[in-house]
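Below is one structure, written out as structure tokens; comments come after it.
Any read-out appearing in this document is the output of simple, stated calculations on the displayed coordinates, not a laboratory observation. Quantities reported herein were computed from a predicted structural model and do not represent experimental measurements. Neighbour counts run over all protein chains shown; Cβ positions are idealised from the backbone, glycine included.
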Amino acid sequence: MSVCSNCGSPIPEEAKFCPVCGTPVPADPVVEEAVPAEPAAEEIPAPQEAPAAGWYQSADQQQTVPPAAPVYAAVKPAIGGIFDYYRKAFAVLVKKPIKLWGLSLLYLLISSLIASLGSFVPIISIPIVLVLALGFTGVLLRGYHSEEVHSVQLFEGFRKEEVVRNGAGMCWKELWMLIWAFVPVMNIIKAYAYCFVPYILLTDKEISATEALKKSMRMTDGCKGKLFGADVLCVLGFFLAMIVLVLLGRIPYIGWIFAIAAFLLYVAFVLFAPLFMGLVRTAIFEDVNAVHEE
């Protein structure tokens with residue numbers, strides 16, 4: 001639309017004079033030009049900072065990424081080998097051979113006497129023998145840690161404040177072993193799964209009888225094969241040595257020397273094998289217990 005050059009009023013088309021001020025309309029009317037509006041202050045983009053040296057992403061591409069949390073893989077530390085435990089048990093046995101062997105023999109004699117006298121009332125004799133076995137386990141633990149051992153310690157499990165828990169824990173263990181006794185292979189697996197119960201009852205005074213069995217199953221998870229291998233290797237070694245000595249005993253003239261050696265080996269195995277294997281099992285328990293406490 002054309003506007004008046006004098007007053008700026010709009011002029012209708014084909015008009016020759018301004019309807020407001022009467023100014024003649026020129027041949028080429030002035031056309032109102034659209035003036036671009038100034039942008040609002042808030043629409044003016046802020047100047048961008050120059051990117052830091054060595055950083056090649058633009059400002060709109062930069063994102064703040066929180067550091068990833070560290071991932072810890074559950075790695076179970078490996079325990080020692082069978083011969084390592086043999087060496088540890090032998091080292092303990094060498095330090096106190098007389099005391100440890102004497103207490104082992106005393107334990108066997110007392111438990112055998114109680115079992116024979118209480119054969120008519122097994123409900124009484126069995127818990128007594130089991131708590132006595134718990135006391136002998138305490139002797140093994142003390143001997144393994146180079147502490148003094150005494151015959152009184154065999155009756156440690158009969159303390160007034162602990163006898164009920166100790167008896168219940170040991171009987172609970174034997175009951176489950178009896179249940180699994182009729183399942184081939186599983187009876188052996190469960191026997192090793194429950195073998196740490198007396199150690200747990202002695203070292204953890206707050207644990208209940210049933211929880212001790214569950215904890216033993218958790219602790220032996222992954223090392224039952226090592227416990228079994230330690231026992232089997234000892235027995236196989238004895239039988240192989242006996243076979244060799246018996247065969248050498250057939251040699252004329254000097255065979256009697258090997259026959260005597262076979263007899264002495266048999267006596268030593270009967271007298272010392274339970275003690276030695278108890279120390280081996282104690283060494284394995286201490287190693288596994290240290291791993292579970294980490």
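Shape class of region 129-174 from the Cα gyration tensor (axes a ≥ b ≥ c, square roots of the eigenvalues): prolate, since a/c reaches 1.5 or more and a/b is larger than b/c.
Summarising the amide proton neighbourhood of Val25: residues at separation of 5 or more, or on other chains, whose placed amide H is nearer than 5 Å comprise Phe17, Cys18. The distance separating the Cα centre of region 86-141 from that of region 179-230 comes to 19 Å. Available extension along the chain between Ile124 and Val291 is 56.4 nm, counting 0.36 nm per residue and deducting the alpha carbon span. Shape of region 189-257 from its Cα gyration tensor (a ≥ b ≥ c, root eigenvalues): rounded if a/c is under 1.5, otherwise prolate when a/b > b/c, or oblate? It comes out prolate by the Cα gyration axes. Spin-label model, Ile179/Ile98: points 7 Å from Cα along the beta carbon direction are separated by 4.7 nm. Bridgeable lysines around Lys215 (alpha carbons under 17 Å apart, same-chain partners fewer than 8 residues away excluded): Lys76, Lys173, Lys190, Lys205, Lys224. Panel note: the C-alpha atoms of region 124-280, placed on their principal axes, show extents of 63, 38, 31 Å (largest first).
Sequentially through region 180-192, phi angles give Karplus couplings (6.51, -1.76, 1.60; θ = phi - 60°) of 7, 5, 8, 10, x, 6, 5, 5, 6, 4, 5, 4, 7 Hz, Gly and Pro residues having no value and appearing as x. Taking the average, over residues, of other Cβ atoms within 10 Å as the packing measure, peptides 85-92, 161-168 rank 85-92, 161-168 from highest down.
Between amide H atoms placed 1.01 Å from N, distances below 5 Å from Val3 occur with Ile11, Val30, Glu32, all of them 5 or more places distant or on a separate chain.
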